[in-house]
């Protein structure tokens, strides 16, 4: 194909998944690269040249410079998979490249870095520019770190939530009661949503459960549900499933519900950032966008949980209630026991095993996962005006014990599209043994989660940690505390090395005081 314009390049698709970031590739010896003074990691605007201006396609991208003509030749401009899909024209199409204007909202980010308080219009500008791919991941990281370090005031959290909801689609169910439940995370295992949703849906209440992928944990609800069924569902299909089944377990990102949240999560994950203000905005934006009217929030509290003291938990509860009240969302917050992982499995396949054992009323099912799920499901059921206070737990238990919850789960799986692939637990297996005899007095949530992530979870679905002992259990020296599972030798070695430095358990001669009931 001859190039009819001297200032244009031919479009080339570069098969690289750059994960939520548009990237363009330009050869170092390209004449336009030299004459226009482009630099690596600068932001550029790519536009088509044919047709009237209103019919031309445009995308913004971060520029990478290459020296290999097998990637892009001197008369070509390459686009990563995401950017190529957004430009929406064929390979070989004539395009122009130009310096992109800096996002107007970047000045607000600079003010936040300086510790200033931002207003609603500031957050609207930031969210809009992120949605339009005007921010590089470096600039998003600057915003997130600034928000984490200097903190977001409660009005700023409200503004951020409102801006994220406004930026995407919002579902309207036309019903007075649309329930949902969310845990702030930080506790390995704890896969209660996959039990609560089928219980609530089987009761007949509407519960459109959309979840994010794991940020700093070894698995999220969407990561685990993906083993059973499709979780990336287009909005129209999602609506049909929820109306028919009264519930779902889906990934919110594919449904364009508060889409900026998933872009920010792609930056938060590698930085292991999970600040409280951003977390509240993220959770409530997704719930409001999903059309929820009533929301139960679970805040686990414990010495190695995200929230470690009662004062901090109460402060976080007030923040949830403040934002929810001003956005018309009825919120109830419960503070649960976060002293140890919930269930035995930590990692997608292992957590799924626990969930299915509970749904099948298997005698080997982890009792703590069953009890906490029933307790939380009971609280959600009590949003129903026909359910008297205190009756929710018994109703939830009856739905689970009768098999109605299991049947509803299978209905939801079929409606979303059953995953035909069966993924096994990681084939590499290593046991961690007790260094002394006694009772388990402490389990470090952070260290156990870290070991599971080093083993490969959640990216490697079969990787993780399989607990054999919980708080209060007795053990003999050399007894097995847990197994590490991995799929790849490098991950397996990293996890073993981390466990060798700190097994994450403390063992004492005396039995620990106190109970492990789910509610404080």
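Quick one: how many residues across the stretch 462-492 are over 18 Å from residue 346 (Cα atoms) and either in the same structural domain as residue 367 (by TED's automatic domain parsing) or surrounded by fewer than 18 Cβ atoms within 10 Å (Cβ to Cβ) (or both)? Of the residues in that region, 9 qualify. Looking across the stretch 77-105, the residues that are touching a helix residue (DSSP H, G or I) at 6+ places or on another chain (Cβ under 7 Å) and crowded, with 17+ Cβ neighbours inside 10 Å come down to 79, 97, 103, 105. Can you name every residue in the stretch 364-392 that is assigned to a helix (DSSP H, G or I), touching a helix residue (DSSP H, G or I) at 6+ places or on another chain (Cβ under 8 Å) and closer than 20 Å to residue 224 by Cα? Once the filter is applied, which keeps residues that are assigned to a helix (DSSP H, G or I), touching a helix residue (DSSP H, G or I) at 6+ places or on another chain (Cβ under 8 Å) and closer than 20 Å to residue 224 by Cα, the stretch 364-392 yields 369, 370, 373, 374, 376, 377. Over 24 Å from residue 273 (Cβ atoms), assigned to a helix (DSSP H, G or I) and touching a strand residue (DSSP E or B) at 6+ places or on another chain (Cβ under 8 Å), is that true of residue 83? In short, yes. Which ones in the stretch 346-363 are surrounded by 16 or more Cβ atoms within 10 Å (Cβ to Cβ) and part of a loop (DSSP other than H, G, I, E, B)? Residue satisfying the conditions is 347 alone. For the stretch 117-139, taking the residues that are part of a loop (DSSP other than H, G, I, E, B) and at pLDDT 95 or above, the one that is surrounded by the most Cβ atoms within 10 Å (Cβ to Cβ) is identified as 118. Total residues in the stretch 143-177 satisfying the condition of being in contact with a strand residue (DSSP E or B) (Cβ under 8 Å, 6 or more places away or on another chain) and in a loop (DSSP other than H, G, I, E, B): the figure is 6.
For the stretch 62-76, the criterion of being crowded, with 20+ Cβ neighbours inside 10 Å, touching a strand residue (DSSP E or B) at 6+ places or on another chain (Cβ under 6 Å) and assigned to a loop (DSSP other than H, G, I, E, B) is met by at least one residue.
I'm trying to understand the selection: among the residues of the stretch 27-37, which are in contact (Cβ under 8 Å) with a residue 40 or more places away in the chain and out of contact with any helix residue (DSSP H, G or I) (no Cβ under 8 Å at 6 or more places or on another chain)? Within the stretch 27-37, 29, 30, 31, 32, 36 qualify. Within the stretch 28-38, if we keep just the residues that are more than 36 Å from the chain's Cα centre (by Cα) and crowded, with 18+ Cβ neighbours inside 10 Å, the residue that is modelled with the highest pLDDT turns out to be 30.
Somewhere in the stretch 239-247, is a residue at pLDDT 85 or above and closer than 27 Å to residue 306 by Cα? The answer is no; no qualifying residue exists.
Per-residue answers, yes or no, for (1) outside any helix (DSSP H, G or I); (2) closer than 24 Å to residue 294 by Cα; (3) touching a residue at least 40 places away in the same chain (Cβ under 8 Å):
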position	(1), (2), (3)
181	yes, yes, yes
185	yes, yes, yes
195	no, yes, yes
207	yes, yes, yes
210	yes, yes, yes
224	no, no, yes
231	yes, yes, yes
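Per this entry, residue 443 is counted among residues that are under 23 Å from residue 375 (Cβ atoms), in contact with a strand residue (DSSP E or B) (Cβ under 9 Å, 6 or more places away or on another chain) and surrounded by 15 or more Cβ atoms within 10 Å (Cβ to Cβ).
The values are calculated or read from the model by the stated rules, or taken from the named source; none is laboratory data. Owing to the predicted nature of the structure, the values given are computational and were not obtained by experimental measurement. Ideal geometry is used to build each Cβ from the backbone, glycine not excepted, and the neighbour counts take in all protein chains shown.
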